[in-house]
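Only one structure is covered here, and it is reproduced in the block below.
The values are calculated or read from the model by the stated rules, or taken from the named source; none is laboratory data. Just so it is clear, the structure is predicted and the values come from calculations on it, not from any experiment. Note that we place each Cβ from the backbone using ideal geometry, even for glycine, and neighbour counts take in every protein chain shown. Heads up: the accessible areas ignore ligands, DNA and RNA and are worked out on the full protein's heavy atoms, side chains in. Shrake-Rupley method; radii C 1.70, N 1.55, O 1.52, S 1.80 Å.
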Amino acid sequence: MKKLFFVFILSLAVIQLSAQAKLTVAVAANMQYTIKALIAEYNKTDKTKIDVVTGASGGLTQQIMHGAPFDIFVSADKDFPQKLAENRFTLLPPKVYAQGLLVLWSAKPGIRPDAAMKVLLGANIKSIAIANPKTAPYGSAAAAILQKYGLYDKVATRLIRGESITQTSQFIATQNADIGFTAKSIVISEEMKGKGIWVELNTKDYPAIEQSAALLKHAQENNKAAAEKFYNFLYSAKAKAIYHQFGYIVK
């Protein structure tokens with residue numbers, strides 16, 4: 001009887017610990033809507049509470065290197081997670097989970113983005129939103145495509161920079177910028193769908209936005225098993241289907 005009682009108490013303890021499992025995930029701003037869908041799918045079978053902190057990948061990297069208590073980092077590129085790995089902030093080598101796509105988008109009536117970006121030279125374009133190329137991979141990609149088309153110097157005085165792709169997208173969606181560059185995952189989200197006009201830009205015209213994730217050392221102190229499980233889920237078939245749904249290229 002005592003043995004059965006002990007097993008019962010142990011089972012309750014395990015259930016309670018499972019219910020209390022909590023993770024904090026640092027997520028690149030382009031993934032702000034996608035991560036909600038990923039967590040919703042994950043929580044169908046695992047009720048671990050997952051808190052999300054979004055921002056520019058470069059900014060999140062700095063936070064991690066200064067001790068921010070994140071368990072997983074979902075970046076918008078490969079370079080920032082690799083930097084963390086080289087400085088021993090990760091438990092495993094980072095891996096690519098999807099490739100992002102860059103779009104040119106305007107919410108202002110009468111402005112029609114084109115893949116050749118000739119619209120940017122129009123007299124009606126007073127402001128062009130772009131994420132900070134130093135901290136946001138989508139901003140770096142936007143700067144690269146402007147350089148390739150010989151447009152950067154021509155429009156430099158009209159560029160307004162957001163610290164993340166979220167802020168940049170807000171500039172565009174609220175018409176505080178006439179037009180701008182953002183992630184396809186944002187313009188096709190339920191929150192932004194149907195706002196203005198966007199065009200997908202040629203992937204050959206800017207460096208591939210290969211997005212990588214990293215399991216961070218903080219997870220070892222916090223809840224390593226739960227962190228590893230969610231980290232592995234990010235590379236699962238179910239997760240890949242969600243990436244595809246949000247406009248990413250998956251392999």
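Along region 208-213 the Karplus relation, 6.51 cos²θ - 1.76 cosθ + 1.60 evaluated at θ = phi - 60°, assigns HN-Hα couplings of 4, 8, 7, 9, 10, 10 Hz to successive residues, with x for each Gly and Pro. The solvent-accessible area of His66, taken with every protein chain present and a 1.4 Å probe, is close to 150 Å².
Based on DSSP, what percent of beta bridges with both residues in region 102-200 are antiparallel, to the nearest 5?
55
Partner lysines whose Cα lies under 21 Å from the Cα of Lys126, excluding those fewer than 8 positions away in the same chain, are identified as Lys108, Lys118, Lys154, Lys195.
DSSP loop (so not H, G, I, E, B), at most 15 other Cβ within 10 Å: list which chymotrypsin sites (Phe, Trp or Tyr not before Pro) in region 164-251 pass both filters.
Listed in order of number, the matching sites are Tyr235.
What is the gain in length, in nm to one decimal, between Val199 and Val250 on full extension, counting 0.36 nm per residue of separation less the C-alpha to C-alpha distance?
16.4 nm
Under the classification rounded if a/c is under 1.5, otherwise prolate if a/b is larger than b/c and oblate if not, where does region 29-97 fall, given a ≥ b ≥ c as square roots of the Cα gyration tensor eigenvalues? Prolate is the answer for region 29-97, as a/c is 1.5 or above and a/b outweighs b/c. When both bridge partners sit in the chain, DSSP labels roughly 55% of those beta bridges antiparallel.
Checking understanding here: applying a Kyte-Doolittle mean of at least -1.0 and a length along the axis of at least 15 Å (C-alpha), which whole DSSP H helices in the chain pass? Going by DSSP H runs, the hits are 2-20, 32-42, 137-148. Does region 136-251 come out rounded, prolate or oblate, given a ≥ b ≥ c as the square roots of the eigenvalues of its C-alpha gyration tensor, rounded meaning a/c under 1.5 and, failing that, prolate meaning a/b above b/c? It is prolate, given that a/c is not under 1.5 and a/b is the larger ratio.
Its Cα centre serving as origin, the chain has a Cβ charge dipole (Lys and Arg +1, Asp and Glu -1) of approximately 360 debye.
Here Rg and Dmax of the Cα atoms in Å was computed from the coordinates, and among (1) 16.7, 47; (2) 20.6, 85; (3) 18.5, 57 the match is (2). How much of Thr166 can a 1.4 Å solvent probe reach, expressed as accessible area in Å² and rounded to 10? Here the residue's solvent-accessible area equals roughly 30 Å².
The phi torsions of region 126-132, fed into the Karplus equation with coefficients 6.51, -1.76 and 1.60 and a -60° offset, translate into couplings of 9, 8, 10, 7, 8, 6, 4 Hz, rounded to whole numbers, with Gly and Pro shown as x.
Among the trypsin sites (Lys or Arg not before Pro) in region 131-237, those located in a DSSP loop and surrounded by at most 10 other Cβ atoms within 10 Å of their own Cβ are Lys193. Full extension of the chain between Ser236 and Tyr152 gives 26.3 nm of extra length, using 0.36 nm per residue less the Cα-Cα distance.
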